[in-house]
Amino acid sequence: MRSRLTASYLAMTLAIFVMAFLVVAQLRTSKATTSQVQIPTRNVYAMATLLREEREARVKLEGQVADLREQLASYERANTEGRSLAEAMSKELETIRIALGLKAMRGPGLTVRLADPKTQPKGANPVVVTYQDIVAVINELWAAGAEAIAVSGQRVTATTGLSQVGGSVVVNLQRLDGPFDIAAIGDPSTLERALNIRGGLIDGLRALSLNVTITRRDVITVPPYRGTFNFEHAKPAE
């Protein structure tokens, strides 16, 4: 009887031990499994968070790049517009300088030399070239289409005044002595025909015994006006 109880006790102890072993083994397996699952899960969450942050940073950088591109395009447009405006203003200024006679001009044309007669008539007032004679020739040249005129190196502009001081002609406040060379840029044949009209100005000057020589030129250089513009009474109109 006792041996039978001992055998039953041993069997129960062994069963409890086996059950305990199985429980411990199961707990260890569950713990290991849980640990193995939790580690990659945390990595996935971390990677997802990093990926989201990287995407947000990329979106922000893309926005900054777009803003910079827009600023660059704006600067390029402003530079192009400013350059175009500067070029237009430069061309307009150049046209104004030409119109005012501030630029030396070059082109075909002719020269007119006015000189006193080599011999003066006896018992009469001497015949000399006057500023009115020069003004008359200049007006004929302007009317014939001359684009630039100079008298003995003095550029004739809209404000140029001619006068007489003794035997000298004053042009741009500069005293000039004869002979006087009038250079005009324009179509040579047209200018020459206008001057040589029969019974016209040149015939009249020659009738006074003045020496008049007209010479066509393939190329003439007319110097710029080197004086100043002074406006004491004239003011820009509003």
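Read-outs: derived from the displayed coordinates by stated rules, not from any lab. Since the model is a prediction, treat every value here as computed from it, not as a measurement. Glycine gets a Cβ as well: all are built from the backbone with ideal geometry, and neighbour counts include every protein chain shown.
Suppose the chain between R52 and D203 were pulled fully straight at 0.36 nm per residue; how much longer would it get relative to their current alpha carbon spacing?
44.4 nm
Multiplying the residue separation of Y75 and T159 by 0.36 nm and removing their Cα-Cα distance gives an extension gain of 25.8 nm.
Taking the number of Cβ atoms within 10 Å of each Cβ as an exposure proxy, the fewest-first ranking of F231, F180 is F231, F180. The convex hull built on the alpha-carbon positions of the range 195-235 has an orientation-averaged projected area of 6.3 nm².
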